[in-house]
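For reference, the structure discussed in these notes is given below.
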Amino acid sequence: MNYILFDGTVREALLPFTFTRPVADIRIGILTIREKWEKYLGYTTTTVTEEYLSEKFPMVEMENNVMINASFLPTASLVEKIKSLQVNQAIFAGETVIAFYTTETQEEVDFDSYEIIEHEEVGLTVEHTWDIFSKNDAALREDFELLTADRKSQPIPKSVNVIAPENIFIEEGAKLEFVTLNAATGPIYIGANSEIMEGSVIRGPFALCESGRVKLATKVYGATTVGPHSVIGGEVNNSVLFGYSNKGHDGFLGNSVLGEWCNIGADSNNSNLKNNYEPVKLWSYETENFAQTGLQFCGLMMGDHSKCGINTMFNTGTVVGVSANIFGSGFPRNFVPSFSWGGASGFTTYQTNKAFQTAKIVMARRNVEFTEVDAKILEAVFEETKKYRKE
């Protein structure tokens, strides 16, 4: 069977992260949503997404296809239902379609003509940016079980202080000595060829993905994911780094999400709690207004390729778009549009030629090429977000 993941109705609510990727390629837990589905299904998947993303994330349609809403995370029972789908059948959760069967010759999908299968299991969904960190605890535990089932961990080095070693899994090539791991509060996953440097103290649930690094004497609280090739240091709490991003120095990052190729300057901090303890509002691209998260703790949402200089201060509930460059004293406003250059004293437009030059240098350091396809995607984001900038 051919499985295709589609963005559904949540794409705009998940900006700025979906400016540069389909919903399926958001990381939550240890794996991306796509990686989860592929492990459960036993098949590779393709994507229906925005046209400007389709060259990098193409759709492959075959004679028979099952379309899956990528905002739903897989469970064993849901996957069983999806694998059993037949022609003209669809799975719904209330009014929302989860999956449906379609054929290459089918000109349109009319759910009125479909047999509807109700799915009542309460599983994890990703419908808002803040879901990525607020549901990371549950997603990480599920991924840990998925990745470690019937497998044996590498041995925990003798110099490591450890609580609940049965909840720790170390992949081959990982390096860690003279660190403290407390997995009594949740599982700890240490990916292949990653490194945790001496003096670090980590409480689970925690995931350090392949080739990630934890710098000297880092303090990590639970429900944190450090994506592939990412670096953390200082103090980190309940945050998700998608991949290839750096928060490598002292300073606090809490209840936050960083996309790919982000860099947080030394001694930078974000607030994750308002002084009056009220629920946090966060900029929504969907409504083009500030949305009530219902959360008391909510920090920084930073899109791909954005950077901040040393000693940057982010207010509670700040959203930074794609390819923004932030520096200077004081708090920048809590919505920074994509391709903005500046800080609390004001912003100008960060022109694409300069942004692309930086991206090429940054990516080359990790032996990754900044391609023409990447440039086209960022050009599209630049045009789409013009209305938010003072040109």
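The values are calculated or read from the model by the stated rules, or taken from the named source; none is laboratory data. Everything quoted here is computed from the prediction, not taken from an experiment. Cβ atoms come from the backbone with ideal geometry, glycine included; neighbour counts cover every protein chain shown. Protein only, heavy atoms only, side chains kept; ligands, DNA and RNA dropped before computing areas. Shrake-Rupley method; radii C 1.70, N 1.55, O 1.52, S 1.80 Å.
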For this session: Could you grab me the full set of residues in segment 166-205 that are farther than 19 Å from residue 233 by Cα and in contact with a strand residue (DSSP E or B) (Cβ under 8 Å, 6 or more places away or on another chain)?
Result: 167, 168, 169, 170, 171, 183, 184, 185, 186, 187
Exercise. Could you list, in sequence order, the residues of segment 37-59 that are of a type in the set (D, E, K, R) and assigned to a loop (DSSP other than H, G, I, E, B)?
Worked result: 50, 55, 56
Seminar exercise, completed: Quick count over segment 4-36, residues being open to solvent by 10 Å² or more (accessible area, probe 1.4 Å) and either touching a His at 6+ places or on another chain (Cβ under 6 Å) or not in a loop (DSSP other than H, G, I, E, B) (or both), is 8
For this session: Kindly indicate which of 190, 196 is open to solvent by less than 10 Å² (accessible area, probe 1.4 Å), of a type in the set (A, V, I, L, M), without any contact (Cβ under 8 Å) to a residue 24 or more places away in the chain and out of contact with any Lys or Arg (no Cβ under 8 Å at 6 or more places or on another chain).
Result: 190
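Looking at 239, 211, which is the one that is at pLDDT 95 or above, open to solvent by less than 10 Å² (accessible area, probe 1.4 Å) and either more than 19 Å from residue 18 (Cα to Cα) or in contact with a Ser or Thr (Cβ under 7 Å, 6 or more places away or on another chain) (or both)?
Values: 211 fails: open to solvent by less than 10 Å² (accessible area, probe 1.4 Å).
The unique qualifying residue is 239.
Which residue out of 352, 385 is farther than 24 Å from residue 275 by Cβ, of a type in the set (S, T, N, Q) and in contact (Cβ under 8 Å) with a residue 60 or more places away in the chain?
On the way: 352 fails: in contact (Cβ under 8 Å) with a residue 60 or more places away in the chain.
It is 385.
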Exercise. Which one of these does residue 385 not meet: (1) open to solvent by less than 80 Å² (accessible area, probe 1.4 Å); (2) closer than 19 Å to residue 266 by Cα; (3) of a type outside the set (A, V, I, L, M)?
Worked result: (2)
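I'd like to verify a number: residues in segment 45-101 that are small (Gly, Ala, Ser) and either touching a Cys at 6+ places or on another chain (Cβ under 9 Å) or farther than 25 Å from residue 27 by Cβ (or both), how many? Even if it seems obvious, please write down each step before you answer.
Within segment 45-101, the first condition is being small (Gly, Ala, Ser), and the residues that meet it are 54, 70-71, 76-77, 84, 90, 93-94, 99.
Applying the additional criterion that residues be either touching a Cys at 6+ places or on another chain (Cβ under 9 Å) or farther than 25 Å from residue 27 by Cβ (or both) yields 84, 90, 94.
Number of matching residues: 3.
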Seminar exercise, completed: Those residues of segment 146-172 which are touching a residue at least 24 places away in the same chain (Cβ under 8 Å) and either open to solvent by 60 Å² or more (accessible area, probe 1.4 Å) or charged (D, E, K, R) (or both) amount to 171
Exercise. Given the conditions (1) touching a residue at least 24 places away in the same chain (Cβ under 8 Å); (2) closer than 22 Å to residue 230 by Cα; (3) surrounded by fewer than 22 Cβ atoms within 10 Å (Cβ to Cβ), and given that residue 301 satisfies all but one, which numbered condition is not satisfied?
Worked result: (3)
Exercise. Does residue 286 fit the bill of being under 27 Å from residue 9 (Cα atoms) and part of a loop (DSSP other than H, G, I, E, B)?
Worked result: yes
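Which is open to solvent by less than 30 Å² (accessible area, probe 1.4 Å) and of a type in the set (S, T, N, Q), of 125, 180? Lay out the reasoning, then the answer.
Numbers: 180 fails: open to solvent by less than 30 Å² (accessible area, probe 1.4 Å).
None of the other options fit; the residue is 125.
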